[in-house]
1. Has region 27-39 got any residue that is surrounded by 13 or more Cβ atoms within 10 Å (Cβ to Cβ), at pLDDT 95 or above and part of a helix (DSSP H, G or I)?
2. Among the residues of region 16-56, how many are of a type in the set (Lys, Arg) and under 25 Å from Pro5 (Cα atoms)?
3. Please tell me if Ala27 is in contact (Cβ under 8 Å) with a residue 40 or more places away in the chain and of a type in the set (Gly, Ala, Ser).
Amino acid sequence: MLKWPGLHYSTSAFAPKHYPQAIIDYANTRGADKIIYAGYFPMGLSLDRIFEQLRDLPLRDDVWPKFLRDNARRVLRLD
């Protein structure tokens with residue numbers, strides 16, 4: 001993702017407890033602008049399960065807004 005500026009990582013189809021540790025580490029450091037939340041509701045995961053597991057996700061406080069909203073808005077040009 002460092003080599004290609006337009007490449008981003010989406011968490012689609014993964015329960016939060018199964019996010020790769022390397023992706024969490026990357027999001028908490030130089031990749032905070034490259035990771036985008038995407039759930040898997042309603043196809044495979046319930047919202048209850050997603051939000052319960054998101055609470056345990058070890059992201060830094062300043063990463064959460066980027067992960068949940070800001071990165072997707074920028075990439076999708078919604079601003």
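The values are calculated or read from the model by the stated rules, or taken from the named source; none is laboratory data. In this text, all values refer to a predicted model and were calculated from it rather than measured experimentally. A quick note on method: Cβ atoms are made from the backbone with ideal geometry, for glycine too, and the neighbour counts reach across all protein chains shown.
1. Checked region 27-39: at least one residue is surrounded by 13 or more Cβ atoms within 10 Å (Cβ to Cβ), at pLDDT 95 or above and part of a helix (DSSP H, G or I).
2. In the first step, residues of region 16-56 are kept if they are of a type in the set (Lys, Arg); the result is 17, 30, 34, 49, 55.
Checking the rest, the ones that are also under 25 Å from Pro5 (Cα atoms) come to 30, 34.
So the count comes out to 2.
3. So Ala27 passes the test.
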